[in-house]
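Below: one structure, written as structure tokens.
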Amino acid sequence: MSKHILVVANQTIGGATLLDLVRERANEPDASFTLVVPMTRPRSGYVIYDDAVRESAQVRLDLTLSYLRGEDVVASGELGDEDPYTATLDAIDEYKPDEVIISTLPSSSSGWLRRDLIERIQDATGVPVTHVISDMNSEGLPFKVTLVVANVTAGRGDLRARMKEIAAEADDMLFIVVVPLQAHGDGRAAAVARARLGNTLDKMRREGLLVAGMVGDPDPYTATMNALQFYKVSRIIVSTLPVTRSGWLRADLITRVRKASNIDVEHIVAEQSGEQPGEKPAKVPSP
């Protein structure tokens, strides 16, 4: 008899405790899973970009699905409403699961538990609910994540070469690329950033890198801090133009990120040429 299980999680979606339970349930005959990630808004930044919120949740979901499918777990996923209660009820109504697994942070830091999410779902649906607590600070992820922050240098060959070196050192290395929006004065910032990101991810995937990406806040420091809120990162790479041309370096971005994150930050200065031989620049759609 088949069994369908709904998994609801946000910051803990890649937590080892949660994924251990999913693998255990996957050993049951014909078990399948749907993962739902409610879209949480970041803590940093004066302006919240809806696309950035959606993309950060999508990246968390994509990374976890890639890992589970590599473990031969039958899983699909989708983004949910910002309110985890609404997101869970919507998914229960859609998929009619046999069990719901809800993963949260510990009670001291979980907004979901402060809103009595587990009890409310049980009372409203009658579906068996299993609650998993994942302390991301202590348990980490079953894979390593390198955060790459870059804008005009995102597609440069020296950055990709360094990423390939890192991937060769660790088979379980995944990369998240964040491209901060950059003001263009003509309403094209989002289109330019999205085209640059898509072109960059295509190049990286063609070279065998396991990578996902998102457009971030216009301030590169804020974009980096938001990404660190959403992902457990083992290394940060910041790619910039040379110091004479880099506003990021004039704003002391590298030092600020190092102090705030307490994570190893590697700085890569892009080569002078815009493209490697044989490469074509990104095509940017008209507004």
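Summary table
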| item | result |
| --- | --- |
| Residues of segment 255-266 classified as surrounded by fewer than 19 Cβ atoms within 10 Å (Cβ to Cβ) and either of a type in the set (Ser, Thr, Tyr) or in contact (Cβ under 8 Å) with a residue 12 or more places away in the chain (or both), total | 7 |
| Residue list for segment 58-78, restricted to those being hydrophobic (A, V, I, L, M, F, W, C) and modelled with pLDDT under 85 | 59, 63 |
| Selection within segment 70-102 - over 18 Å from residue 60 (Cβ atoms) and touching a Ser or Thr at 6+ places or on another chain (Cβ under 6 Å) | 74, 92, 95 |
| Test result for residue 158, without any contact (Cβ under 8 Å) to a residue 12 or more places away in the chain, in the same structural domain as residue 261 (by TED's automatic domain parsing), out of contact with any helix residue (DSSP H, G or I) (no Cβ under 8 Å at 6 or more places or on another chain) and among the charged types (D, E, K, R) | no |
| Residue count for segment 1-31, restricted to those that are of a type in the set (S, T, N, Q) and surrounded by fewer than 18 Cβ atoms within 10 Å (Cβ to Cβ) | 3 |
| Residue that is farthest from residue 216 (Cα to Cα), among those in segment 147-165 that are modelled with pLDDT under 95 and either touching a Cys at 6+ places or on another chain (Cβ under 7 Å) or among the β-branched types (Val, Ile, Thr) (or both) | 153 |
| Hits in segment 236-248 - residues which are at pLDDT below 95 and more than 26 Å from residue 191 (Cβ to Cβ) | 242, 243, 244 |
| Out of 223, 212, 227, sole residue that is modelled with pLDDT under 90, assigned to a helix (DSSP H, G or I) and not aromatic (Phe, Trp, Tyr) | 227 |
| Qualifying residues in segment 76-109 (those that are over 18 Å from the mean Cα position of the chain (by Cα) and in a strand (DSSP E or B)) - the one farthest from residue 133 (Cα to Cα) | 99 |
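The values are calculated or read from the model by the stated rules, or taken from the named source; none is laboratory data. Computed from a predicted structure; not experimentally measured. Note that each Cβ is placed from the backbone with ideal geometry, even for glycine, and that neighbours are counted across all protein chains shown.
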